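Throughout, read-outs are computed from the coordinates displayed, never taken from laboratory work. Note that the structure is predicted; figures quoted are calculated from it, not measured. In this analysis, Cβ positions are derived from the backbone assuming ideal geometry, glycine residues included, and neighbour counts consider all displayed protein chains.
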Amino acid sequence: MTQLSVKHLLGIKDLKEEDIQLIFETADNFKTIINRPIKKVPSLRDITVANLFFENSTRTRISFELAQKRLSADTINFASSSSSVSKGETLIDTVKNILSMKVDMVVMRHPSPGACVFLSKHIDATILNAGDGTHEHPTQALLDAYSIKESCGDVAGKKVAIIGDILHSRVALSNIYCLQKLGAEVMVCGPSTLIPRHIEQLGVKVEHNLRKALEWCDVANMLRIQLERQDIKYFPSLREYSMQYGLTIDLLDSLGKDITIMHPGPINRGVEITSEVADSDYSIILDQVENGVAIRMACMFLLANHKDS
């Protein structure tokens with residue numbers, strides 16, 4: 001397989017396993033490049049990318065912008081808080097105005113699930129989903145799976161526990177799709193109020209006891225509590241949540257086995273994970289950040305070179 005089967009990257013659900021492997025192989029090459037003294041390549045020199053962030057973001061936005069600079073793309077950065085969206089302009093009008101500037105690719109984060117799919121049906125530019133509401137976050141899932149492959153040798157056959165606020169997490173859903181396509185077993189763990197109903201229908205195990213989840217898994221991906229998406233209380237207090245589901249170094253050391261610890265960020269230190277764990281040898285959190293640039297370079301490069309069959 002030499003090119004992606006999709007024109008847009010809207011979600012992991014749309015990708016084939018071969019697509020994911022091609023992205024990983026391409027990321028391997030780009031990771032070599034970004035660790036050289038001269039980190040830029042002219043791969044997207046004639047491509048203009050618009051970064052449309054209708055929701056706050058730091059790591060994802062910076063990672064995409066750095067990936068674009070490494071590929072020599074021209075970029076336009078857009079934040080809804082300082083735009084005509086705050087005056088009532090619609091999503092399509094906003095994007096069409098930007099596209100009139102001859103933009104080839106749109107990287108978009110939006111609070112509404114399905115916003116990227118909606119946009120892909122109305123404009124000609126290639127759309128790359130940087131997170132849409134509680135739906136999907138495909139590049140995060142790709143960099144997580146790539147980091148597991150790098151750390152553990154392979155994803156197939158590994159047991160991965162996703163722990164925390166599953167209900168409000170787009171990272172969890174994309175990770176489930178991606179890991180299963182690559183042959184991993186997936187478990188979700190958290191309070192029953194933060195586990196979506198009928199999630200077992202996705203083929204995942206459900207566990208409410210943190211220690212049991214850790215004893216089962218090879219990799220634990222710790223998710224933060226997304227208070228900004230919670231309109232009601234799902235547990236009594238952050239302190240109580242931390243006592244039940246906070247990952248400590250003592251708990252890890254007591255398991256008698258090594259587990260790879262991941263976190264998509266931002267970390268709430270002392271809530272879902274302690275500083276000792278985040279900064280320990282168990283953790284590959286900083287590797288995830290580095291791999292994020294290589295994966296996003298790979299995705300944009302492959303999408304820019306996609307030819308309709």
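Measure up LYS69/LYS181; LYS13/LYS257; LYS40/LYS149; LYS13/LYS39; LYS69/LYS102; LYS7/LYS159 against 29 Å on the Cα-Cα distance and list the ones that go over.
LYS69/LYS181; LYS13/LYS257; LYS13/LYS39; LYS7/LYS159
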Have a look at CYS116, CYS152, CYS189 and tell me which one the Gaussian network model of the chain (Cα, springs below 10 Å) gives the largest fluctuation.
CYS152
Please list the non-local residues whose amide H lies under 5 Å from the amide H of THR75, H modeled 1.01 Å from N, same-chain partners needing a gap of 5 or more.
VAL49
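Note down the magnitude of the dipole of the chain about its Cα centre, charges +1 on Lys and Arg C-beta and -1 on Asp and Glu C-beta and zero elsewhere, to the nearest 20 debye.
Details: 34 positive and 38 negative charges, 134 e Å.
That gives a dipole near 640 debye.
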Taking every other residue with Cβ under 15 Å from the Cβ of LYS16 and scoring Lys and Arg +1, Asp and Glu -1, one gets -2
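Could you give the size of the charge dipole of segment 68-202 about its Cα centre, using +1 on the Cβ of each K and R and -1 on the Cβ of each D and E, expressed in debye and rounded to the nearest 20? Walk me through the intermediate numbers first.
Values: 13 positive and 13 negative charges, 18 e Å.
Computed charge dipole of segment 68-202: roughly 80 debye.
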Sequence-distant or interchain residues sharing an amide H contact under 5 Å with ALA130, placed H: which?
MET108, ARG109
Can you tell me the convex hull volume per residue for segment 138-288, based on C-alpha atoms, in Å³ to the nearest whole number?
101 Å³
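With runs of 4+ DSSP H residues as the only contributors, calculate the mean residue ellipticity of the chain at 222 nm using -39,500 (n - 2.57) per run, divided by the residue total and rounded to the nearest 500. Provide the component values of the computation, followed by the final result.
On the way: 11 runs with 116 residues, N = 309.
Helices in the chain give a 222 nm mean residue ellipticity of -11000 deg cm²/dmol.
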Could you let me know the centre-to-centre spacing of segment 91-116 and segment 20-54, using Cα atoms, in angstrom?
21 Å
Considering the options GLY157, ILE20, GLY256, tell which one lies farthest towards the positive end of the dipole of the chain, charges being +1 on Lys and Arg and -1 on Asp and Glu at the Cβ, about the Cα centre.
ILE20
Once you have the alpha carbon radius of gyration of segment 9-111, what is it after dividing by 2.2 N^0.38 Å, with N set to its residue count?
1.21
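Helices from the chain with mean Kyte-Doolittle at least 1.0 and a Cα length along the axis of 27 Å or more, per DSSP H: which?
Values: long enough: 285-304 (29 Å, 1.22).
TM-like helix candidates: 285-304.
Could you list the trypsin sites (Lys or Arg not before Pro) in segment 106-155 that lie in coil according to DSSP, counting only those with at most 10 other Cβ atoms within 10 Å of their Cβ?
Details: sites: ARG109, LYS121, LYS149; in loops: LYS121.
Loop-located and lightly packed - LYS121.
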